[in-house]
Amino acid sequence: MALKKGDFIRLNYTGKMEDGKVFDTTEEEVAKAEGVYTPQGLYGGDVIIIGYGHTIAGLDKELEGKEAGASGEVTIAPEDAFGMPREDLIQSVSTSKFKDGNAQIGMVIEQDGRQGVVTKVIGRRATLDFNSPLAGKPVVYSYKVEAVLETPEDKIKGLFALYTGVQEADVTINGDVADIEIPTGITFNQRWLFMKGKLANEVLENTDLKEIRYVETVKKEEKAEKAE
């Protein structure tokens, strides 16, 4: 059956520049071989929903209409990849905002949750570019549709991993209600505070479930008995 908007799939992919340099992959061995491996990364394929912007627009369009098991390679223009450079994402700031006033070209900083690169330093002013390093560049993606997810449990677990980086979630389905056990530490994650509503809405829109409940359990720590 051809993939359509709203289908949950597990997708393996590798993104490359036109010169073959890999910048992103879901395959651990490729990541290690190409020097883009991160120990905190989840490998083995991402769960995405077709048509929901979980991957770049050009790859999303490529996948729609394909079958489970389909594989291929597609070259994607900048407009459907990481966009064109935007002037409003280039800012001039005082070097006093840097530690000891030391701003250097190539320095990466984080501001308001965004990463920027120092591209120019003149006197006491530094230019910061918050555009993606891939903005304005065509990219090449090789991909394989590993599976189409059918059960609400698998759909929730996959999307939870995509949004949180946590591989396993405990999900219990009772009728049309899903309970998702939330790891205690994740409740302090600012990204999760935004994403939990998005996750719930996307699941409710694309399954027969009518309610999502997040369950956080805090247990009293058991104290070890003192040795006599």
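Quick grid of which residues meet (1) assigned by TED's automatic domain parsing to the domain that holds Val22; (2) assigned to a strand (DSSP E or B); (3) exposed (fewer than 13 other Cβ atoms within 10 Å of the Cβ); (4) at pLDDT below 95:
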{"position": "Leu42", "(1), (2), (3), (4)": "yes, no, no, yes"}
{"position": "Tyr52", "(1), (2), (3), (4)": "yes, no, no, no"}
{"position": "Leu59", "(1), (2), (3), (4)": "yes, no, no, no"}
{"position": "Ala68", "(1), (2), (3), (4)": "yes, no, no, yes"}
{"position": "Glu73", "(1), (2), (3), (4)": "yes, yes, yes, no"}
{"position": "Val93", "(1), (2), (3), (4)": "no, yes, no, yes"}
{"position": "Ser96", "(1), (2), (3), (4)": "no, no, yes, yes"}
{"position": "Ala103", "(1), (2), (3), (4)": "no, no, no, yes"}
{"position": "Gly106", "(1), (2), (3), (4)": "no, no, yes, yes"}
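Taken over the range 1-17, the criterion of being in contact with a helix residue (DSSP H, G or I) (Cβ under 8 Å, 6 or more places away or on another chain) and in a strand (DSSP E or B) is satisfied by Phe8, Ile9, Arg10, Leu11, Tyr13, Thr14.
Scan the range 18-40 for residues that are assigned to a helix (DSSP H, G or I), closer than 23 Å to Leu159 by Cβ and touching a strand residue (DSSP E or B) at 6+ places or on another chain (Cβ under 8 Å) and the total you get is 1.
Among the conditions (1) farther than 18 Å from Ile50 by Cβ; (2) surrounded by 15 or more Cβ atoms within 10 Å (Cβ to Cβ); (3) in contact (Cβ under 8 Å) with a residue 24 or more places away in the chain, the only one that Lys155 does not satisfy is (1).
Within the range 110-136, the set of residues being over 20 Å from the mean Cα position of the chain (by Cα) and surrounded by fewer than 17 Cβ atoms within 10 Å (Cβ to Cβ) comprises Val117, Thr119, Lys120, Val121, Ile122, Gly123, Arg124, Arg125, Gly136. Of the listed requirements (1) touching a Gly at 6+ places or on another chain (Cβ under 6 Å); (2) not assigned by TED's automatic domain parsing to the domain that holds Thr25, Glu168 misses just one: (1).
The values are calculated or read from the model by the stated rules, or taken from the named source; none is laboratory data. Remember, it's a predicted structure, so these values are computed and weren't measured experimentally. Heads up, the Cβs are rebuilt from the backbone with ideal geometry, glycines too, and the neighbour counts pull from every protein chain shown.
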